[in-house]
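These notes concern the structure reproduced below.
The values are calculated or read from the model by the stated rules, or taken from the named source; none is laboratory data. Predicted model only: the values in this text are computed from it and were never measured. In this analysis, Cβ positions are derived from the backbone assuming ideal geometry, glycine residues included, and neighbour counts consider all displayed protein chains.
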Amino acid sequence: MFKLPENLLLGVATAATQIEGGDTNNSWYEWATIPGHIKDGTSPLRGNDHYNRVEQDIALMASMNIQIYRFGIEWSRIEPEEGVFDEKAIAHYRHELEILKRYKIKPLVTLHHFSNPVWFEKQGAFENPLSPMKFLTFVSYTVNALADLVDEWITINEPNIYTVNGYFFGTWPPGRKNDFRALKKVYANLAASHIASYLEIHRIRQERGFLPLSTKVGFANHLHVFSPLYKWNPLHRFSVKCMDTAFQDAITRAAMTGISRFPVKALPKKVGNISIVPGRYYDFIGINYYSRGAVSFLKDGLYPGVPLNDLNWEIYASGITEMAKRMYDEYLAPIYITENGTCDNTDSFRSRYIYDHLKQIVDSGLPIERYYHWTFMDNFEWAEGESACFGLVKVAYETQERTVRASGEFYSKIIEKKGVDQALFNEYVAHTSYNFEKR
Ligand code: BGC
C-alpha cells in the first residue's frame, strides 16, 4: 500500500501519429503502406481518429481524474512542405490546449515522436547534416505559436529507439540494417537538435516575459535495464557495458550535456546561429521505462521464469527506480517518468503493473515529480500495428468506441484517493497475477 506524495502528479502520455489518424504526409504512413512492415497490416491513417475527437477524449481523460497529459504535435501537419506552415494545424493544437486548460489538465508537449514529414524523410531525415536546422525551424514556429499555453516541453522522444530501430535493426523507417555510419550521425544530429531546441524554447518563452524557471524542457529518454545473464561471466558483464554505452549512455550524455563519445559522432558546432557547446540542456530527467534484459555475449534476452507482458517483455518494476537513481546520481534534476506501461491485451495484469511501478516510485524517495502512464487508450503501436494494447481505455477501432478498462478505473481511483489502501488493492490487484509463459 502507499500514499502519493504531494509533489507527484499522475497522468497519461500519447503520441500524435499513434492516435490522431487522417495524416498521409508522415513517414509512418508511407512505411505502413509497404506489406510486411506492420504486423497486422494496419496503418496510422486510422489510429483513434483522435484529431476529430479531441473534445470527447479529453473529457474522458478528465473524468478519469488525469492531472497531467503528455501529447505530441505532428510536424507533418504543421509544416506539410518545407518552409510552408499550416495555421489551421496550429489552431487545432491551440484548441486542444484550451480544452486541457478548461479541465485543468497540465500539458507536456512532445515536438518529435518518431515520425517525420515525408519531405524531411526524403531528404535523409536526421542523417542529413542540415536536419537539426530544419527541425529547429519547425520548433521555432510551433513554440512561438503555442508558448503562451505550454510551459513544459519534450523536444524529442527516445532518440535511441528511433535510431536503433531505423538504422540497426531496420524494422522502422528508413529500414536500414547494421548501418553504423548512419547510426552515429543520426545520434549526433538528434542530440544537436535537442540542444538547439532546448535553447530556442527558453529563448522564446523568455522573450514572451515568462520567468525562466517556469519553462521546463527535456527529452524523453528510453532507458532499459541491461543485466548480465550470469554475473560470474565476464563476457556477459562486458556485453552489458557495450549495450549500455551503445544504446543509452552515450546518447544520453550527448543530448543532456553536448559532450559526445563513441558511438555518437562529434556534434555539429552550430545549428543556425545557435552554438552547440558543452552545457546543461535539461530542466528535468525524462525517463521512458518498460523492461529489463538478460545479456549474454552481445545478445539481449530474458532471464528464465520472469513475468512477461503480451509482447514477451519482462515486467521488472524495480528497474524504474534503478534507472531513475542511476540518472539522478549523474544528472541531478527532478525526474519525470515520461512513459511507463505495458502491453496487456486482456487487461489481466495492468493494474498490478501500475501498482508495482508506482509503489517503487513512492518508496524510492527519489524526486520523481511526474508519472505519465503509457498510454491513455489503445493505439497504433508502430510495427505491431493495432495488435498490441497498452491502453487504460480500450478502443474498438471499427466504431472508435472507447471503454475504460478496470486498470483505467484503478488508475483514476489512485489519483482520487491519493494512493492505494487495502480496500483498493483488494478490489483491483489482489486477484490478479502476472503471466510467466512466453507467447
Ligand atoms: C514509445 C511509444 C510506444 C511505447 C510502447 C515507447 O518506446 O515512445 O511510442 O508506443 O514505447 O512500445
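Mind checking which residues of segment 323-338 are within 16 Å of the ligand (Cβ to nearest atom) and not aliphatic (A, V, I, L, M)? If you could, list the steps in order and put the result at the bottom.
As a first pass, look at segment 323-338 and keep what is within 16 Å of the ligand (Cβ to nearest atom): 323, 336-338.
Scanning segment 323-338 gives Tyr336, Thr338.
Consider Gly286 carefully, then state whether it is closer than 25 Å to Met243 by Cβ, surrounded by 21 or more Cβ atoms within 10 Å (Cβ to Cβ) and among the small types (Gly, Ala, Ser).
Numbers: closer than 25 Å to Met243 by Cβ: yes; surrounded by 21 or more Cβ atoms within 10 Å (Cβ to Cβ): yes; among the small types (Gly, Ala, Ser): yes.
Yes: the conditions hold for Gly286.
Considering only segment 414-439, state which residues are under 25 Å from Ser63 (Cβ atoms) and in contact (Cβ under 8 Å) with a residue 60 or more places away in the chain.
The answer is Ile414, Ile415, Glu416, Lys418, Gly419, Val420, Asp421, Phe425, Tyr428, Val429, Thr432.
Evaluate segment 306-322: report whether one residue or more is polar (S, T, N, Q), within 16 Å of the ligand (Cβ to nearest atom) and surrounded by 17 or more Cβ atoms within 10 Å (Cβ to Cβ).
Filtering segment 306-322 down to residues polar (S, T, N, Q) leaves 309, 312, 318, 321.
Now restrict to residues that are within 16 Å of the ligand (Cβ to nearest atom): 309, 312.
If we keep only those that are surrounded by 17 or more Cβ atoms within 10 Å (Cβ to Cβ) as well, we get 309.
Yes: one or more hits.
Can you pull out the residues in segment 186-220 that are touching a helix residue (DSSP H, G or I) at 6+ places or on another chain (Cβ under 6 Å) and either among the basic types (Lys, Arg) or assigned to a strand (DSSP E or B) (or both)?
Once the filter is applied, which keeps residues that are touching a helix residue (DSSP H, G or I) at 6+ places or on another chain (Cβ under 6 Å) and either among the basic types (Lys, Arg) or assigned to a strand (DSSP E or B) (or both), segment 186-220 yields Val217, Phe219.
Give the residue, chosen from Thr17, Thr110, that is crowded, with 18+ Cβ neighbours inside 10 Å, within 15 Å of the ligand (Cβ to nearest atom) and in a helix (DSSP H, G or I).
Thr17
Would it be correct to say that Tyr336 is touching a residue at least 60 places away in the same chain (Cβ under 8 Å), touching a Phe, Trp or Tyr at 6+ places or on another chain (Cβ under 7 Å), outside any loop (DSSP other than H, G, I, E, B) and of a type outside the set (S, T, N, Q)?
yes
Does Glu398 qualify as being part of a helix (DSSP H, G or I) and more than 17 Å from Glu158 (Cα to Cα)?
Judged against the criteria, Glu398 is not a match.
Residues Phe120, Phe71, Phe138, Phe126: which one is touching a Phe, Trp or Tyr at 6+ places or on another chain (Cβ under 6 Å), among the hydrophobic types (A, V, I, L, M, F, W, C) and surrounded by 16 or more Cβ atoms within 10 Å (Cβ to Cβ)? Give the steps one after another, and end with the answer.
Working: Phe120 fails: touching a Phe, Trp or Tyr at 6+ places or on another chain (Cβ under 6 Å); Phe71 fails: touching a Phe, Trp or Tyr at 6+ places or on another chain (Cβ under 6 Å); Phe126 fails: touching a Phe, Trp or Tyr at 6+ places or on another chain (Cβ under 6 Å).
Answer to the selection: Phe138.
If you check Ile287, Ile259, Ile251, which single one turns out to be part of a helix (DSSP H, G or I), modelled with pLDDT of 95 or more and under 25 Å from Ala333 (Cβ atoms)?
It is Ile251.
Assess whether Glu386 counts as being in contact with an Asp or Glu (Cβ under 9 Å, 6 or more places away or on another chain), in a helix (DSSP H, G or I), within 16 Å of the ligand (Cβ to nearest atom) and of a type in the set (D, E, K, R).
yes
Could you grab me the full set of residues in segment 141-170 that are crowded, with 19+ Cβ neighbours inside 10 Å, polar (S, T, N, Q) and more than 16 Å from the ligand (Cβ to nearest atom)?
Of everything in segment 141-170, just one residue is crowded, with 19+ Cβ neighbours inside 10 Å, polar (S, T, N, Q) and more than 16 Å from the ligand (Cβ to nearest atom), namely Thr142.
Return the residue satisfying two criteria in turn: it lies in segment 280-302 and is in contact (Cβ under 8 Å) with a residue 40 or more places away in the chain and under 23 Å from Lys134 (Cα atoms), and of such residues it is nearest to the ligand (Cβ to nearest atom).
Tyr282
Since Arg370 meets every condition but one in (1) more than 16 Å from the ligand (Cβ to nearest atom); (2) touching a residue at least 60 places away in the same chain (Cβ under 8 Å), which condition does it not meet?
Failing condition for Arg370: (1).
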